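Q: Here it is, the structure in full.
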Amino acid sequence: MRALAEVLMDQGWSLSGSDLQPAPPAIQKLMNRGLLFRHGHAAQNIPPRTAQLVYSPAIRPDNVERKEAERRGIPQQSYSQRVSQLARPGAAVCIAGTHGKSTTTAMTAKILERANRLSGVVLGAEMCDSGRSGWIGAGDLFVAESCEFQQSFLDFHPRYNVILSVEPDHFDCYPTLPALETAFTRFASQTCGDGVLLFNADSETSTSVARHASTSARRTSFGTSLAADWRATGITQTSVGTEFQLLHHGHPISRINLPLHGLHNVGNAMAAAAITAEIGVSVETIQQGLTDFPGIRRRLERVGECRGTQLFDDYAHHPTAVKITLQTLRDIAGAARLWCVFQPHQVLRTVTLMNEFAASFAMADEVIIAPVYAARESVNQEPHAIAGQLAERISANGVKARFYPSLDQIVNTLEDAMRPGDFIVTMGAGDIDRIHYEFTRRVQ
């Protein structure tokens, strides 16, 4: 929603908005640009001359502001419906998948911007250089991070469509993997006939989605397997990131110097390079766009150093992402002690994937579990009880894990226990990143 607000303000719209939480710094920046923000939902929040109400997937039809808009005859659209108007069928580049959407979207947008082809972008993260999540350009292609939650990505009809990995998630929408695969197949089928469908050859489900999609779009793949059309070889971790050779049908295209660590980011970069090359962007522009990529917030982001301890923050909230992030940090940290402070996201996801979560922390030396961040869920004591169960299961797998019921207790524990040379990473899609700000504030 913030990214959409930034794009609409770039276009000259006057905006107001409300949220149950106080305005975070990112929203305060928009307030400085003229956004009228209201804390809490109320009918009087809707200005008299409102032309349209746009709501996020978390806002239900019985919300007081949506009911007021209905009473006043104000047109309503969901977030994805409004973005799909910006990303017209013949000019839309969509990035979908369980992991890597935000990073791949940002990489693709930066490459297209350098090629003067970007008309706009919305992504679910913040760029490290500009602090923006959405912006407009003077080109012809709009890049949209396209989420499968509530099948919202079905509002898009992309000309260029990227399907990253597809794994079980959003269990309140997709109780089974076949249900999720069906939704992705429908989305892939909406790729324009004269467009390109790019899929992850390393993901069995992504490959199946592309194979069963009913579209005449040209199919092409990326990955590390020999079956992929776009491949990465000679992958080397450096002190500042990762280097790899990009191949197309086995022929060397370019040596990429990526300022990000981790094999997962190599996959993200391959996807961005492949889709922009299929669009027609030059190899030189792709190479430079990836080399200069500034990164996005909360994606293995180094947030500082405190008393000799390296501090990182990451958005990982799925077992696969947790495992990959910790493996990457272990490669960086070597034998140093690695702390992971994890905030599970949603009770249903944590319960359904309890076994996978319990096994995903193997690379950490110490794990601290915070209460579950129960976004969109109606809960009582479950956030504490389920988080405690997860800590017990992690300990049973041989990794020291503890549950703490508050962020203040976590900060106190870290203050007392950390030593110079340690690595601390906070993980989760909720408000766990507050740990770093509170931690460094106290130390200062």
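The values are calculated or read from the model by the stated rules, or taken from the named source; none is laboratory data. Just so we're clear, the structure is a prediction, and the values are computed from it rather than from any experiment. With ideal geometry, Cβ positions are generated from the backbone for all residues, glycine too; neighbour counts draw on all protein chains shown. Accessible surface is based on the protein model in full, side chains and every heavy atom, while ligands, DNA and RNA are left aside. Shrake-Rupley method; radii C 1.70, N 1.55, O 1.52, S 1.80 Å.
Q: I'd like to check something: does the stretch 387-396 contain any residue that is more than 26 Å from the chain's Cα centre (by Cα), crowded, with 16+ Cβ neighbours inside 10 Å, over 30 Å from S56 (Cβ atoms) and β-branched (V, I, T)?
A: no
Q: Another question about this same structure. Having 2 or more residues that are over 30 Å from S378 (Cα atoms) is the bar; report the helices (runs of 4 or more DSSP H) wholly within the stretch 1-92 that clear it.
A: 2-10, 25-32, 79-86
Q: On to the next question. Can A401 be described as over 23 Å from R302 (Cβ atoms), of a type in the set (A, V, I, L, M) and touching a Lys or Arg at 6+ places or on another chain (Cβ under 9 Å)?
A: In short, yes.
Q: Shifting gears a bit: So N412 passes all but one of these: (1) modelled with pLDDT under 95; (2) over 22 Å from T309 (Cβ atoms). Which condition number does it fail?
A: Single failed check for N412: (2).
Q: One residue is enough: does the stretch 221-240 have a residue meeting the conditions in contact with a Phe, Trp or Tyr (Cβ under 6 Å, 6 or more places away or on another chain), among the β-branched types (V, I, T) and assigned to a helix (DSSP H, G or I)?
A: no
Q: Turning to a different aspect of this structure: Quick one: T224 ticks every box in (1) closer than 22 Å to L118 by Cβ; (2) modelled with pLDDT under 95 except a single one, so which number is it?
A: Single failed check for T224: (1).
Q: (1) over 18 Å from A269 (Cα atoms); (2) at pLDDT below 95: which one isn't true of S78, the others all being true?
A: (2)
Q: All but one of (1) open to solvent by 10 Å² or more (accessible area, probe 1.4 Å); (2) of a type in the set (V, I, T); (3) within 30 Å of L164 (Cα to Cα) hold for V367, so report the exception by its number.
A: The single condition V367 does not satisfy is (1).
Q: Which of the residues spanning the stretch 99-109 are open to solvent by less than 20 Å² (accessible area, probe 1.4 Å) and in contact (Cβ under 8 Å) with a residue 40 or more places away in the chain?
A: Once the filter is applied, which keeps residues that are open to solvent by less than 20 Å² (accessible area, probe 1.4 Å) and in contact (Cβ under 8 Å) with a residue 40 or more places away in the chain, the stretch 99-109 yields S102, T103, T104, T105, A106, M107, T108.
Q: With a cut-off of at least 3 residues that are touching a strand residue (DSSP E or B) at 6+ places or on another chain (Cβ under 7 Å), in contact (Cβ under 8 Å) with a residue 12 or more places away in the chain and within 30 Å of Q346 (Cα to Cα), name the strands (runs of 3 or more DSSP E) lying wholly within the stretch 113-154.
A: The strands (runs of 3 or more DSSP E) meeting that bar are 141-145.
Q: Would you check which residues across the stretch 339-360 are more than 20 Å from the chain's Cα centre (by Cα) and either of a type in the set (F, W, Y) or open to solvent by less than 10 Å² (accessible area, probe 1.4 Å) (or both) and list them?
A: Matches in the stretch 339-360: W339, A358.
Q: Could you go through the stretch 127-136 and let me know if any residue there is among the charged types (D, E, K, R), modelled with pLDDT of 90 or more and crowded, with 20+ Cβ neighbours inside 10 Å.
A: No, the stretch 127-136 contains no residue that is among the charged types (D, E, K, R), modelled with pLDDT of 90 or more and crowded, with 20+ Cβ neighbours inside 10 Å.
Q: OK, next. Identify all residues within the stretch 55-80 that are in contact with a strand residue (DSSP E or B) (Cβ under 8 Å, 6 or more places away or on another chain), closer than 29 Å to Y160 by Cα and open to solvent by 40 Å² or more (accessible area, probe 1.4 Å); write none if there are none.
A: Y55, P57, Q76, Y79
Q: Of the numbered conditions (1) in contact with a Leu (Cβ under 6 Å, 6 or more places away or on another chain); (2) surrounded by 24 or more Cβ atoms within 10 Å (Cβ to Cβ), C94 satisfies every one except a single condition; which is it?
A: (1)
Q: For the stretch 183-202: of the residues being touching a residue at least 60 places away in the same chain (Cβ under 8 Å) and in a loop (DSSP other than H, G, I, E, B), which is least open to solvent (accessible area, probe 1.4 Å)?
A: Checking each candidate, the answer is C192.
Q: Within the stretch 398-411, how many residues turn out to be part of a helix (DSSP H, G or I) and either touching a residue at least 60 places away in the same chain (Cβ under 8 Å) or open to solvent by less than 70 Å² (accessible area, probe 1.4 Å) (or both)?
A: The total comes to 3.
Q: Of the residues T104, T108, which is out of contact with any Ser or Thr (no Cβ under 9 Å at 6 or more places or on another chain) and polar (S, T, N, Q)?
A: Answer to the selection: T104.
Q: In the stretch 64-80, is there at least one residue being touching a residue at least 60 places away in the same chain (Cβ under 8 Å), basic (K, R) and in contact with a helix residue (DSSP H, G or I) (Cβ under 9 Å, 6 or more places away or on another chain)?
A: No, because not a single residue in the stretch 64-80 is touching a residue at least 60 places away in the same chain (Cβ under 8 Å), basic (K, R) and in contact with a helix residue (DSSP H, G or I) (Cβ under 9 Å, 6 or more places away or on another chain).
Q: From the residues in the stretch 303-338 that are without any contact (Cβ under 8 Å) to a residue 60 or more places away in the chain and within 17 Å of the chain's Cα centre (by Cα), which one is nearest to K400 (Cα to Cα)?
A: K323
Q: Still on this model: Which residues, taken from the stretch 155-167, are in a strand (DSSP E or B) and more than 15 Å from the chain's Cα centre (by Cα)?
A: Hits for the stretch 155-167 are Y160, N161.
Q: Also, quick follow-up: Check off (1) touching a residue at least 60 places away in the same chain (Cβ under 8 Å); (2) closer than 26 Å to S130 by Cβ; (3) open to solvent by less than 40 Å² (accessible area, probe 1.4 Å); (4) out of contact with any Ser or Thr (no Cβ under 6 Å at 6 or more places or on another chain) for L15 and give me the number that stays unchecked.
A: L15 satisfies all of (1) touching a residue at least 60 places away in the same chain (Cβ under 8 Å); (2) closer than 26 Å to S130 by Cβ; (3) open to solvent by less than 40 Å² (accessible area, probe 1.4 Å); (4) out of contact with any Ser or Thr (no Cβ under 6 Å at 6 or more places or on another chain) except (1).
Q: Tell me whether the stretch 34-43 contains one or more residues that are under 22 Å from Q81 (Cα atoms), surrounded by 18 or more Cβ atoms within 10 Å (Cβ to Cβ), under 25 Å from the mean Cα position of the chain (by Cα) and free of Cβ contacts under 8 Å to residues at least 60 places away in the same chain.
A: Among the residues of the stretch 34-43, at least one is under 22 Å from Q81 (Cα atoms), surrounded by 18 or more Cβ atoms within 10 Å (Cβ to Cβ), under 25 Å from the mean Cα position of the chain (by Cα) and free of Cβ contacts under 8 Å to residues at least 60 places away in the same chain, which makes the answer yes.
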